1. Is it true that Ser54 is over 12 Å from Leu6 (Cα atoms), surrounded by 14 or more Cβ atoms within 10 Å (Cβ to Cβ), among the small types (Gly, Ala, Ser) and modelled with pLDDT under 90?
2. Filter the stretch 10-51 down to residues that are exposed (fewer than 15 other Cβ atoms within 10 Å of the Cβ) and small (Gly, Ala, Ser) and give me whichever is farthest from Pro72 (Cα to Cα).
Amino acid sequence: MKLSELPVGKTGVIISFTDEATSLKLMEMGCLPGEKIIVERIAPLGDPIAVSVSGYMLSMRKEEASTVLVSPAENIKK
């Protein structure tokens with residue numbers, strides 16, 4: 001699923017990216033494949049969204065979040 005589809009309060013694990021240019025920018029900010037990411041807040045009109053990743057809060061546009069493919073944490077085998 002896309003990060004933009006993950007509900008507030010849910011945790012996902014970054015799997016991959018669909019846009020190379022955006023992925024480079026996000027990886028520089030700590031959004032690496034295998035990293036847990038939590039949707040903390042979504043603005044009233046749906047854009048931007050705030051996520052916790054790599055120990056800090058990151059705000060991104062919904063368009064950017066839609067390029068991040070995640071697996072909901074409950075689907076990850078331990």
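1. It is false that Ser54 is over 12 Å from Leu6 (Cα atoms), surrounded by 14 or more Cβ atoms within 10 Å (Cβ to Cβ), among the small types (Gly, Ala, Ser) and modelled with pLDDT under 90.
2. Ranking the candidates gives Ala21 first.
Per-residue answers, yes or no, for (1) not in a helix (DSSP H, G or I); (2) not polar (S, T, N, Q):
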residue	(1), (2)
Val8	yes, yes
Gly12	yes, yes
Ser23	no, no
Gly34	yes, yes
Ser52	yes, no
Ser71	yes, no
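The values are calculated or read from the model by the stated rules, or taken from the named source; none is laboratory data. In this text, all values refer to a predicted model and were calculated from it rather than measured experimentally. Glycine also receives a Cβ, built like all others from the backbone with ideal geometry; neighbour counts cover every protein chain displayed.
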